[in-house]
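Shown next, in structure tokens, is the structure this report addresses.
The values are calculated or read from the model by the stated rules, or taken from the named source; none is laboratory data. Keep in mind it's a predicted model, so treat the numbers as computed, not measured. Because the Cβ atoms are built from the backbone with ideal geometry, glycine has one as well, and the counts that use them run over all protein chains shown.
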Amino acid sequence: MTFKILHLNIELSKHNDAVVKLLEDKKPDIVCFIESMEKDVEHFASHFGYNYVHSPRFILDEGNKKDKEGVAILSKYKMLDIQKHTYGDGIPGELPIKDLNDSKVDDPRPAGRFFDNYTFLTSLIDLGDKKITVSTTHFPVTDYNGRGMADHELKDIKNIDDLEHSELFIEKIISFIRDIKGPTIFTADLNSPRGKYFYDTIAHELVDQVPASLKSSIDPVLHRAKNLKLVVDAFMTTPDFNVESFEIIEGVSDHKAYFVTLNL
């Protein structure tokens, strides 16, 4: 059975016109969104006829309006068992409130980011004759001390605690993946590049379907830091799937979109 799936970090509501056009043009059967606003996902689902689930990471307070930012799965097919596995340091169900207007590009990584309501979101999806599990997550940004890692270099030796902290989170994600039975798709913004521990640890559990030729999943124009060479967006599966086509699309958000045709 063949179907089409889209993965994209849509960067809040900043690129909604481009996202709508992308959905209109590509008509994916399944969509995984990162950094999505709940009201936007509800609109996309209603407009294009998707079933959906949204799992919030925090509440975004923009003064005159509040909305929940998080990960989402949308599907033209029936969504059955939905699970929200949290792995942040915060109390499950209690969402931090943030005002992103106060943030600056040159600020250090927010110390409280590990208290966001990070979720490993999964849904069993009924394709008709077969069922698959689709999962997605947004992992906290983790810096390294390495050459060629622009925007992800360790700024202060004290931040080594962040690496150790993130290791605990990745262990939880691995346990979630191992608990899934049957054909599985995993997409994510790992905020950690291919070739480093967090990305590659998950790639030992699943098949990394992102083309080896891709040098960056960051949009060279729309991202605040230009021309980063980092593949931080993951698209992995169990060996049950064959990739018929893997299209990488620029100009729709600060990350590139993955539009993948899979055969189960």
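Looking at ILE97 and the list (1) at pLDDT below 95; (2) in contact with a Gly (Cβ under 6 Å, 6 or more places away or on another chain), which single condition is not satisfied?
The one condition ILE97 does not meet is (2).
Can you name the condition, by its number, that ASN159 falls short on among (1) closer than 29 Å to HIS15 by Cα; (2) in contact with an Asp or Glu (Cβ under 9 Å, 6 or more places away or on another chain); (3) among the polar types (S, T, N, Q); (4) modelled with pLDDT under 95?
(1)
When PHE186 is evaluated against the numbered criteria (1) touching a strand residue (DSSP E or B) at 6+ places or on another chain (Cβ under 8 Å); (2) hydrophobic (A, V, I, L, M, F, W, C); (3) over 18 Å from ASP29 (Cα atoms), which criterion, by number, is the only one it fails?
(3)
Being modelled with pLDDT of 80 or more and under 20 Å from ASP29 (Cα atoms): is that true of LEU80 here?
It is true that LEU80 is modelled with pLDDT of 80 or more and under 20 Å from ASP29 (Cα atoms).
Would you kindly identify the strands (runs of 3 or more DSSP E) lying entirely within the range 156-261 that contain at least 3 residues that are surrounded by fewer than 17 Cβ atoms within 10 Å (Cβ to Cβ)?
On the way: elements: 184-189, 233-237, 242-249.
Qualifying strands (runs of 3 or more DSSP E): 242-249.
So which residues in the range 77-94 are buried (at least 17 other Cβ atoms within 10 Å of the Cβ) and part of a loop (DSSP other than H, G, I, E, B), if there are any at all?
Across the range 77-94, the qualifying residues are TYR77, TYR87, GLY88, GLY90.
Cβ-Cβ below 6 Å, separation at least six or inter-chain, first residue in the range 244-264 and touching a residue at least 24 places away in the same chain (Cβ under 8 Å) and more than 23 Å from ASN191 (Cβ to Cβ), second β-branched (Val, Ile, Thr) and assigned to a strand (DSSP E or B): which pairs?
Matching pairs, first to second residue: GLU244/THR261; ASN263/THR2.
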